[in-house]
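The values are calculated or read from the model by the stated rules, or taken from the named source; none is laboratory data. As the structure is a computational prediction, the values presented were derived from the model and not from experiment. As a convention, Cβ positions derive from the backbone with ideal geometry for all residues, glycine included, and neighbour counts pool all protein chains shown.
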Amino acid sequence: MKQSMKDFLLTLVISVVIFAIVAFFLIQAAEGLMGDVVGGVRAAGSAGRGAGVNEAMAAVEGSEETRDPNKKTVTVLFVVMDEAKRADAIFLLGVDPESKSATMVQIPSNAAVTEAGITYKVGDLSGERQSGVLKSFILEAVGITPDYVMSITRDGLSNWVDFLGGVRYNVPRDMSGFDASANRKIALSAGEQVLSGDQVAQLLAFSDWDGAPAARDEMLLGFGRAFAGTLLTAANLSPARDMFYNVSRHMFTDFTEKDFAAVGPALFRFNEFGPTVVRIPGSADANGYYGISGDRVKPMFELYK
């Protein structure tokens, strides 16, 4: 019992340190470090900070007023971006420690978003609009506003995977080709294996799915679960400082160290709760737009409101 409590306290302390480092590098780091952060284009009158950093600061400054301190559940919107900063892979995670429940849904990049009468795909979202539009989209489609958003580039995810020592995943098929956007060769063999960061980048860049986007979504769903299962384990927190120093250059998040001190223990029980991991319910129309079935998905996240 004493050892269990000791492990819990150690995990909590390390969690606080991790996100203290993230907040430091996202909000107070020098311009050179912030150059790769989402939306980091220099804005006039921004005193040298990137526009994305200003957005992050505004989110943090307003967090005390917008978040219910008594809320026990945690919802996180996790976005992986391609080299053009478009939303390449989207996952919504919910954890409720009281009911010992966890849910993760993968949202297809061809899910339809309509603004001012114009319909487009969430995968086309990029830059500073991404976080706000995605939050509104999730509210309409799922019925909740995510508590936190974490957007990371493929390079950032690749770094993260390497610091974790790789991610064990069953690659569904042989993958070959060339990722011109990153000057990267794609050469993966089917089967269960431990993927390096570069191999994960190849996995995400592979596009030859024979016109079947659902096959890519199934791959993302499986990889998302494998990555979450690897990351949300206390044993993988040991290289925290170096890990987040590297990842922060490729990431935007509205997490702060205070936030994570409160929700970290819940997130790290993700695997313990036997999570439900599914592709978000819905179907594609004749034009290739994926329509989310709100009456099916909203009950899944009712618990996390």
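Tally up the residues in the stretch 175-230 that are touching a residue at least 60 places away in the same chain (Cβ under 8 Å), in contact with a strand residue (DSSP E or B) (Cβ under 6 Å, 6 or more places away or on another chain) and hydroxyl-bearing (S, T, Y), please.
Within the stretch 175-230, residues that are touching a residue at least 60 places away in the same chain (Cβ under 8 Å), in contact with a strand residue (DSSP E or B) (Cβ under 6 Å, 6 or more places away or on another chain) and hydroxyl-bearing (S, T, Y) number 1.
Please determine, by comparing only the residues of the stretch 283-305 that are charged (D, E, K, R) and exposed (fewer than 14 other Cβ atoms within 10 Å of the Cβ), which one is farthest from L77 (Cα to Cα).
Filtering the stretch 283-305 down to residues charged (D, E, K, R) leaves 285, 295-296, 298, 302, 305.
From what is left, the residues that are exposed (fewer than 14 other Cβ atoms within 10 Å of the Cβ) are 285, 295-296, 302, 305.
Numbers: D285: 25, D295: 20, R296: 19, E302: 16, K305: 14 Å.
Result: D285.
Pick out the one residue from F227, F223, F178 that is surrounded by fewer than 18 Cβ atoms within 10 Å (Cβ to Cβ), closer than 28 Å to S126 by Cβ, of a type in the set (A, V, I, L, M, F, W, C) and modelled with pLDDT of 90 or more. Break it down into steps so the answer makes sense when it comes.
Working: F227 fails: surrounded by fewer than 18 Cβ atoms within 10 Å (Cβ to Cβ); F223 fails: surrounded by fewer than 18 Cβ atoms within 10 Å (Cβ to Cβ).
Of F227, F223, F178, the one residue that is surrounded by fewer than 18 Cβ atoms within 10 Å (Cβ to Cβ), closer than 28 Å to S126 by Cβ, of a type in the set (A, V, I, L, M, F, W, C) and modelled with pLDDT of 90 or more is F178.
Looking at the stretch 295-305, which of its residues are at pLDDT 90 or above and either in a loop (DSSP other than H, G, I, E, B) or in contact with a strand residue (DSSP E or B) (Cβ under 9 Å, 6 or more places away or on another chain) (or both)? First the steps, then the outcome.
Step one: filter the stretch 295-305 for residues at pLDDT 90 or above, giving 295-304.
Hits for the stretch 295-305 are R296, V297, M300, F301, L303, Y304.
Suppose we filter the stretch 250-289 for residues that are within 20 Å of the chain's Cα centre (by Cα) and part of a strand (DSSP E or B); how many remain?
7
Which condition breaks for T114 when tested against (1) closer than 26 Å to P299 by Cβ; (2) surrounded by fewer than 20 Cβ atoms within 10 Å (Cβ to Cβ); (3) in contact with a Lys or Arg (Cβ under 7 Å, 6 or more places away or on another chain)?
Here T114 clears every test but (3).
Only residues that are part of a loop (DSSP other than H, G, I, E, B) and either in contact with a helix residue (DSSP H, G or I) (Cβ under 7 Å, 6 or more places away or on another chain) or modelled with pLDDT of 95 or more (or both): list them for the stretch 62-83, please.
T73, D82, E83
Failed condition for Y289, given (1) in contact with a helix residue (DSSP H, G or I) (Cβ under 6 Å, 6 or more places away or on another chain); (2) at pLDDT 80 or above, with all others met?
For Y289, the exception is condition (1).
Filter the stretch 148-185 down to the residues that are small (G, A, S) and over 22 Å from the mean Cα position of the chain (by Cα) and list them by number.
Across the stretch 148-185, the qualifying residues are S176, G177, A180.
Just checking, how many residues over the stretch 183-211 are under 28 Å from G288 (Cβ atoms), loosely packed, with under 15 Cβ neighbours inside 10 Å and aliphatic (A, V, I, L, M)?
Step one: list which residues in the stretch 183-211 are under 28 Å from G288 (Cβ atoms), which gives 184, 186, 188, 190, 200-211.
If we keep only those that are loosely packed, with under 15 Cβ neighbours inside 10 Å too, we end up with 190, 207-208, 210-211.
Then drop every residue that is not aliphatic (A, V, I, L, M), which leaves 190.
Number of matching residues: 1.
Of everything in the stretch 237-262 that's of a type in the set (S, T, N, Q) and closer than 20 Å to V74 by Cα, which residue is modelled with the lowest pLDDT?
In the first step, residues of the stretch 237-262 are kept if they are of a type in the set (S, T, N, Q); the result is 238, 246, 248, 253, 256.
Within this subset, residues satisfying the condition of being closer than 20 Å to V74 by Cα are 253, 256.
Numbers: T253: 82, T256: 72.
Going through the qualifying residues, I end up with T256.
For Q106, work out the one condition from (1) in contact with a Lys or Arg (Cβ under 7 Å, 6 or more places away or on another chain); (2) surrounded by fewer than 21 Cβ atoms within 10 Å (Cβ to Cβ); (3) modelled with pLDDT of 90 or more it doesn't fulfil.
(2)
Name the strands (runs of 3 or more DSSP E) wholly inside the stretch 102-197 in which the number of residues that are farther than 22 Å from R225 by Cα and out of contact with any Cys (no Cβ under 6 Å at 6 or more places or on another chain) is 2 or more. It would help to see each step written out before you state the result.
On the way: elements: 112-115, 118-121, 148-153, 167-171, 175-179, 184-188, 191-195.
Because the criterion is at least 2 residues that are farther than 22 Å from R225 by Cα and out of contact with any Cys (no Cβ under 6 Å at 6 or more places or on another chain), the strands (runs of 3 or more DSSP E) in the stretch 102-197 that meet it are 112-115, 118-121, 175-179, 184-188.
Give the residues of the stretch 123-139 that are closer than 23 Å to Y304 by Cα, in contact (Cβ under 8 Å) with a residue 12 or more places away in the chain and out of contact with any Lys or Arg (no Cβ under 8 Å at 6 or more places or on another chain), sorted by residue number. Give the derivation first.
Kept after step one, since they are closer than 23 Å to Y304 by Cα, are these residues of the stretch 123-139: 130-139.
Pick out the ones that are also in contact (Cβ under 8 Å) with a residue 12 or more places away in the chain and you get 130-131, 133-135, 137-138.
Within the stretch 123-139, S131, V133, L134, K135, F137, I138 meet the criteria.
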